[in-house]
Amino acid sequence: MLSDKLINLHPYVPGEQPKDRVYIKLNANESPYAPHKSVVKAVKKYVTKNPQKLALYPDPDSNELRSEIAAMLNRTGGVLCNSFDDLPDEKDKIPFEVTPDMIFTGNGSDEVLSFVFYTFFNPGQPVVTANFTYSFYPVYAGFYGLTLEQVPLKDDWTLDTQKMISFACSNNSPTIFANPNAPTGLALTRNQIRELLLKAPKDRVFVVDEAYCDFGGESSIPLLQEFKNLVIVRTFSKSFSFAGMRLGYVVSNPEVVKHLFTVKNSFNHFPCDVLSQQAGIASCKASNYYARCARLVCQERSSIIDFLKSRGWFVLDSTTNFVFAKKDGVQGHAVYEEVKKCGILIRHFATPGIDNFVRISIGTKKQMNLLKKALEKF
């Protein structure tokens, strides 16, 4: 009765969603801060004034939302923690205007990634990625019958870009990876990515997943002016406190976006519902608030890194809203279990090679202080 495709699927396993008690959740890289009050107000106002709109289909192309995302990126440079009063840091300034036809939206970046996989990756042609990066990539590869060439990380936990690009050129393959990477939290500079793009096959897409870029990475958006095969995937779930509503997007050249719309309209013509669109629009307009939240996350990230290193932990220098750490002589699962007893959830991966690490999402100052107390025993 079941298809061969289903039998061979290996679903993604998300961070634990507790049901038995209330935990401090530092295991899913969610924002510890509520959406700006204007976002809540916008949704309430829309439902109150337009109840009939809930019975009607939304704008299938999310036109107003795409315009606001483009405007937000132009104001902030795509790195919220470096944006002050809606002015980007000098190094983050985008040397052209991001326009709405460069934006594609979907229900979270996971759905957007699914469309990217379907649109640009071919069965029988290997796709280059890293062996430790976002674990949904192998899931989608299995779903679409694709082959992934998972290049091992270097000893310092950074991407082995030389081997990745060598394989891509030898096999005329597309490339995908997260930058900053997950779960390591390490990032390539924009110039490093430019050097990869100069060598990569020009007739294959080069996908950079910037889910965590707002917490200190360097966005590749400025490179779109030079490279037509660059596809940048971003999300509202982390830095825009949107994990519960689902909204992700692509930034790329208009021709790439047109192809994504073709796939979307062949699968689900109305992916972004009216409330998500309204909340997303309001979120973009409140980018100053989310920039402040991103800076608070960065402050607490520095604090927990210093705390762990001072107690003998090995911690990778993160540019994300999480840290990846281990303690010699202590199993990662044991750390997870002991912290859970204290009412706090962190993430442990059973994957060989990283099974002694734990990934800790950054919470509020109060939450992180409670975590520090729970970690003192180690």
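The values are calculated or read from the model by the stated rules, or taken from the named source; none is laboratory data. Source: prediction; values computed, not measured. Note that each Cβ is placed from the backbone with ideal geometry, even for glycine, and that neighbours are counted across all protein chains shown. Remember, those area values only see protein heavy atoms, side chains included, never the ligands or the DNA or RNA. Shrake-Rupley method; radii C 1.70, N 1.55, O 1.52, S 1.80 Å.
Please pick out the residue among GLU90, GLU64 that is surrounded by 10 or more Cβ atoms within 10 Å (Cβ to Cβ) and among the acidic types (Asp, Glu).
GLU64
Criterion first (among the hydroxyl-bearing types (Ser, Thr, Tyr), open to solvent by less than 40 Å² (accessible area, probe 1.4 Å) and part of a loop (DSSP other than H, G, I, E, B)) does THR129 satisfy it?
no
Report the residue count in region 119-133 for those that are at pLDDT 95 or above and more than 24 Å from TYR212 (Cβ to Cβ).
Of the residues in that region, 1 qualify.
Counting only residues that are closer than 19 Å to THR320 by Cα and in a loop (DSSP other than H, G, I, E, B), which one in region 338-378 is modelled with the lowest pLDDT?
PHE349
Of everything in region 293-330 that's out of contact with any helix residue (DSSP H, G or I) (no Cβ under 8 Å at 6 or more places or on another chain) and among the charged types (D, E, K, R), which residue is surrounded by the fewest Cβ atoms within 10 Å (Cβ to Cβ)?
ASP328
Sort through GLU195, GLU226, GLU218 and tell me the only one that's within 19 Å of PRO88 (Cα to Cα) and at pLDDT 95 or above.
The match here is GLU218.
Sort out which residues of region 347-359 are closer than 15 Å to VAL13 by Cβ and buried (at least 19 other Cβ atoms within 10 Å of the Cβ), and write them in order of number.
Of everything in region 347-359, those that are closer than 15 Å to VAL13 by Cβ and buried (at least 19 other Cβ atoms within 10 Å of the Cβ) turn out to be ARG347, HIS348, PHE349, ILE354, ARG359.
If a residue must be open to solvent by 10 Å² or more (accessible area, probe 1.4 Å) and outside any loop (DSSP other than H, G, I, E, B), how many such residues does region 257-277 contain?
8
Determine if region 321-332 includes at least one residue that is over 25 Å from GLN17 (Cα atoms) and without any contact (Cβ under 8 Å) to a residue 40 or more places away in the chain.
yes
Would region 297-311 turn up any residue that is under 17 Å from LEU370 (Cβ atoms), out of contact with any Ser or Thr (no Cβ under 9 Å at 6 or more places or on another chain), β-branched (Val, Ile, Thr) and at pLDDT 95 or above?
Yes, region 297-311 contains at least one residue that is under 17 Å from LEU370 (Cβ atoms), out of contact with any Ser or Thr (no Cβ under 9 Å at 6 or more places or on another chain), β-branched (Val, Ile, Thr) and at pLDDT 95 or above.
Could you give me the residue pairs with C-beta distances under 8 Å whose first residue belongs to region 80-96 and is more than 18 Å from TYR289 (Cβ to Cβ), whose second residue is of a type in the set (Asp, Glu) wherever it lies, and which are 6+ apart or on separate chains?
Close Cβ pairs satisfying both conditions: LYS91/GLU218; ASP92/GLU218.
Residues that are open to solvent by 20 Å² or more (accessible area, probe 1.4 Å) and either closer than 21 Å to PHE136 by Cα or free of Cβ contacts under 8 Å to residues at least 24 places away in the same chain (or both): which strands (runs of 3 or more DSSP E) entirely in region 171-247 hold 1 or more of them?
By residue number, no strands (runs of 3 or more DSSP E) qualify.
Exactly one of these conditions fails for PRO152: (1) surrounded by fewer than 21 Cβ atoms within 10 Å (Cβ to Cβ); (2) in contact with a Ser or Thr (Cβ under 7 Å, 6 or more places away or on another chain). Give me its number.
Here PRO152 clears every test but (2).
Could you please find all residues in region 331-346 being buried (at least 22 other Cβ atoms within 10 Å of the Cβ) and polar (S, T, N, Q)?
Result: no residue meets the conditions.
Given the criterion assigned to a helix (DSSP H, G or I), open to solvent by 20 Å² or more (accessible area, probe 1.4 Å) and either small (Gly, Ala, Ser) or over 21 Å from ASN321 (Cα atoms) (or both), identify the matching residue among VAL139, VAL116, VAL39.
VAL139 is the lone residue from the list that is assigned to a helix (DSSP H, G or I), open to solvent by 20 Å² or more (accessible area, probe 1.4 Å) and either small (Gly, Ala, Ser) or over 21 Å from ASN321 (Cα atoms) (or both).
Can you tell me which residues in region 244-272 are among the β-branched types (Val, Ile, Thr) and closer than 23 Å to GLY78 by Cα?
Matches in region 244-272: VAL250, VAL251, VAL256, VAL257.
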